[in-house]
């Protein structure tokens, strides 16, 4: 059973920061791409970050999993 291929896969997100700014980014939503996808966000200072899922590729199950979100400094 291939749950990854069965799940909805994220294809577009928006990062919202507490200063009102935001950044939209695209991801590869194909079932064949199993690689960790790294997104770079322009340098900003923020007390909070909201990750909003804007779009996804549908799977046969109406579920979506996010395995990891890491926010830190570049370097």
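Read-outs throughout are calculated quantities, based only on the coordinates presented, and are distinct from any laboratory measurement. Computed from a predicted structure; not experimentally measured. Here the Cβ positions follow ideal geometry from the backbone for every residue, glycine too, while neighbour counts run over all protein chains shown.
Quick notes
- For 68, 6, 24, order by how many other beta-carbon atoms lie within 10 Å, fewest first: 68, 24, 6
- Its residue count N fixes a reference of 2.2 N^0.38 Å for region 3-57, and the Cα radius of gyration divided by that reference is 1.28.
- Fluctuation leader among 26, 14, 34 - the chain, Gaussian network, Cα springs under 10 angstrom: 34
- Estimated from helical segments only, the mean residue ellipticity of the chain at 222 nm is -1000 deg cm²/dmol, where each DSSP H run of four or more residues counts as -39500 (n - 2.57).
- Gain in span if fully extended, residue 56 to residue 41, counting 0.36 nm per residue against the direct Cα distance: 3.4 nm
- Most fluctuating residue given options 39, 27, 54, as computed from a GNM of the chain linking Cα atoms under 10 Å: 39
- Residue 21/residue 64 FRET efficiency (R0 22 Å; Cβ-Cβ; nearest 0.05): 0.30
- Candidates 57, 44, 11: whichever shows maximal mean-square fluctuation once the chain is modelled as a Gaussian network with Cα springs under 10 Å: 44
- In the chain, Cα pairs under 8 Å separated by at least six residues give a relative contact order of 46 percent.
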